[in-house]
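> Sharing a structure, written as structure tokens. Questions coming.
Read-outs: derived from the displayed coordinates by stated rules, not from any lab. Nothing here was measured: the structure is a model prediction, and the numbers come from that model. Ideal geometry is used to build each Cβ from the backbone, glycine not excepted, and the neighbour counts take in all protein chains shown.
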Amino acid sequence: MRQYKRRKDGTTATEITRGPVFEFSGSGEGRPTNPEEILRVIVDLREIITQQSNTIQKIAADLTKIKADQQHLKSQNADLQEEVLALRTKLNTLLGTGLRSWVEVAAREPPQGPNAVPRPPKKELNCV
């Protein structure tokens, strides 16, 4: 016999997927089954089919919404990637051909404060 891993709620996979158990009062010795029992089984089966159909429709609707949301996110992602590329291009254009050293940045900064006297920067020969 195949063993199934128990779920946290104590049920097994086969117990979850198994439908309702119908028992007939007939003894199997050729005695006909009561028509009311057959009718009850048919009504129960119709109810089960209706519930399953509703569940399938809900899942299909949820899946359609998820796919639409996913497509929207893909579109947003593509737009953002284009924007990042444009900003990188603009940044590289503004920076010129290379990065400036801290000395070059300090040399180009305006004096701070109203009474500041501009001083020539101390530029070392091998500073990067």
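> Whole-Hz ³J(HN,Hα) for each residue in the range 47-59, computed from phi via Karplus 6.51 cos²θ - 1.76 cosθ + 1.60 with θ = phi - 60°, x for glycine and proline: what do you get?
Calculated HN-Hα couplings, in order: 5, 5, 4, 4, 4, 5, 5, 4, 4, 4, 5, 5, 5 Hz.
> For the pair residue 38 and residue 58, how long in nm is the line joining their label points, each one 7 Å along Cα→Cβ?
3.4
> More than 16 Å apart: what percent of Cα pairs in the range 35-95 qualify? Don't skip to the end; give the middle numbers.
On the way: 1275 of 1830 pairs.
The answer is 70 percent, as a whole percent.
> Work out the charge dipole of the range 35-95 with +1 on the Cβ of Lys and Arg and -1 on the Cβ of Asp and Glu about the Cα centre, then indicate which of 48, 59, 93 is farthest towards its positive end.
Positive-most Cα among the choices belongs to 93.
> With +1 on each Lys and Arg Cβ and -1 on each Asp and Glu Cβ, and nothing else charged, work out how big the dipole of the range 35-95 is about its Cα centre, in Debye to the nearest 20.
Values: 8 positive and 9 negative charges, 80 e Å.
It works out to roughly 380 debye.
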